[in-house]
1. Taking the stated definitions as given, is Leu152 part of a helix (DSSP H, G or I), aliphatic (A, V, I, L, M), in contact (Cβ under 8 Å) with a residue 40 or more places away in the chain and farther than 21 Å from Pro25 by Cβ?
2. If a residue has to be closer than 13 Å to Asp33 by Cβ and part of a helix (DSSP H, G or I) to count, how many in segment 95-105 make the cut?
3. Scan segment 298-317 and report the pairs whose first residue is on the phi < 0 side of the Ramachandran plot and modelled with pLDDT under 80 and whose second residue is among the β-branched types (Val, Ile, Thr) and surrounded by fewer than 12 Cβ atoms within 10 Å (Cβ to Cβ), with Cβ atoms within less than 8 Å and a gap of 6+ or a chain change.
4. Can you tell me which residues in segment 185-208 are within 47 Å of the chain's Cα centre (by Cα) and of a type outside the set (S, T, N, Q)?
5. Could you tell me how many of the residues in segment 140-174 are among the β-branched types (Val, Ile, Thr), touching a strand residue (DSSP E or B) at 6+ places or on another chain (Cβ under 9 Å) and at pLDDT below 95?
6. Please find, among Asp177, Asp105, the residue that is within 17 Å of Arg74 (Cα to Cα), of a type in the set (D, E, K, R) and either modelled with pLDDT of 95 or more or more than 45 Å from the chain's Cα centre (by Cα) (or both).
7. Go through segment 147-179 residue by residue and tally those that are within 30 Å of Pro43 (Cβ to Cβ) and β-branched (Val, Ile, Thr).
8. Does Ala161 satisfy the criteria of being of a type in the set (Gly, Ala, Ser), surrounded by 14 or more Cβ atoms within 10 Å (Cβ to Cβ), touching a residue at least 40 places away in the same chain (Cβ under 8 Å) and closer than 14 Å to Ser106 by Cβ?
Amino acid sequence: MNKRFLRAVHLLVLGLVTAIVQAAPQDVILIVDNSGSMRKIDPALLAKRTAAEFLQQLPADFYAGVIIFDQNARLVMPLTPATAAGKAKLAASLDGMNYRGKFTDSPAAIERAIFELKSKARPDAVKTIVFVSDGVVDTGSALRDTERGKWLREELTVEAAASGIRIMPLAFTENADLLLIARLADATQGESIRAATPNDLSAAYGQMLERLKALVPPAATPPPPITETLPPAVEETPVAPPEIVPPTAATPAEITPATPPVEIPPAPATASSAEAVTPPASDTAGAVALTAEEKAALEQLAKDTGVPVEQLMKELEEAPAGQAVVVRPEETAPPAANPGSPLAANSLLLGAGAGGLLLAGLAWFFLRGKRAAPLASPTASA
């Protein structure tokens, strides 16, 4: 029972697939080569006649269009229903084939067919391009041929596949660019057929028609996955903590003791060139009475000035009460000079000046003593 059930399911699936295949409409663009190179291979224009037969044999649910190309690509018949009237028009559109084209710009023809199917084909139709050519791109420039061939292989085939359009090449003659033919078929889920001679074209078109009838809509080509490019991960290098260097204790040799300040003793008091001494009070006229402190001061004065104590005492005794006494140390007599020499004259002048200064000092001391307070009387002293 299980086997019967499985067999019934299998038959049902096959029936559904057959119904889908038969129900799928077909929109086909036929591209035929009209370049001068075709004349060398097919001087009798058999390619034109066999193409017209192919169009006449299309099922009624097909739509077909025709493009003739050489150095240019021309849409001589847009997509037309394959009715009796439509087939007549399709066959008549091939009248322009004469093999007088100068070059073979097959990429331009493929591009024009893709545009026609994308813009005019029925939404539910299986879209196919039947490409009949020797498969050699020839634009008259080797550089341009390379560029156009690359454009056809790498861009136009991708666009066709993305639009659900198959390319079914029919390579005419052994001189066809078989690598290009294979690329067109493989990139768009199509199939290629070869016709080595013009006499093989009729059989090749027959094979093409059978394969078209068996076609179902091509599997959708998934878009290329979108890969998110992330920036490269940056490795974080651990940062070592800063090295802490302990302070180094200074060695005794490195310690420089502070230099103690040098105390500068005060300079000893130097007696000026003239010392003013106030004579002490006398208890009797002409007699000088000195205390111990006064005697010590007088001795210190004698020591500082270099004047003998006796001379100081004598000047004090001779000075009137309250008179200032100016004391100068005894000057050493300069060496005797020749009276007639300039040195002797200068010595005399210096001596006279010194004497005048001495007298002036005595007079000043005397006057100062007069202004001083009166001395104590002998009675008060007793």
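The values are calculated or read from the model by the stated rules, or taken from the named source; none is laboratory data. The shown structure was predicted, so the numbers you read here are calculated from the model rather than taken from an experiment. Cβ: placed from backbone, ideal geometry, glycine included. Neighbour counts: every protein chain shown.
1. So Leu152 fits the description; yes.
2. 1
3. What qualifies is Asp304/Thr270.
4. Of everything in segment 185-208, just one residue is within 47 Å of the chain's Cα centre (by Cα) and of a type outside the set (S, T, N, Q), namely Ala187.
5. 1
6. So the residue among Asp177, Asp105 that is within 17 Å of Arg74 (Cα to Cα), of a type in the set (D, E, K, R) and either modelled with pLDDT of 95 or more or more than 45 Å from the chain's Cα centre (by Cα) (or both) is Asp105.
7. 2
8. It is false that Ala161 is of a type in the set (Gly, Ala, Ser), surrounded by 14 or more Cβ atoms within 10 Å (Cβ to Cβ), touching a residue at least 40 places away in the same chain (Cβ under 8 Å) and closer than 14 Å to Ser106 by Cβ.
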